[in-house]
Amino acid sequence: METTTATLCAMDKRSLTQLAHRFREAETRAEILRQELAAAIRQADADGVAQKDICEATGYTRQQVRRIVLAGGSDAPEA
C-alpha cells in the first residue's frame, strides 16, 4: 500500500490527476462500506444484538446506532 510522506515530490498535472482519481475511488469504496455496515447494524439489531455490543463492535455512539436502525429502509443518510 502506498503512503505519502511529509515531503512530496514535484507535482505535475498527470500526478495530480492520478492522485485525485485514487481519492475518488477511495471515496466510492468508503461509501459502499458505510452502506454495508449500516445494513449489518440493522441486521444485528433485528437479530437481537444488544445496542451496547453494536456500539463496542463499531465504535459508534448509541445515538449513531439508533439513527442507523431508525433509518432502515428509508433513503435518509445513515451515519
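The values are calculated or read from the model by the stated rules, or taken from the named source; none is laboratory data. Here the structure is a predicted model, which is why all the values come from computation and not from measurement. Each accessible area value is taken on the protein alone, full model and side chains, heavy atoms only, with ligands, DNA and RNA left out. Shrake-Rupley method; radii C 1.70, N 1.55, O 1.52, S 1.80 Å.
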- Item | Per-residue SASA entry for GLU56, accessible area with 1.4 Å probe, Å² rounded to 10 | 120
- For segment 4-73, what % of the accessible area comes from carbon and sulfur atoms, probe 1.4 Å? 57
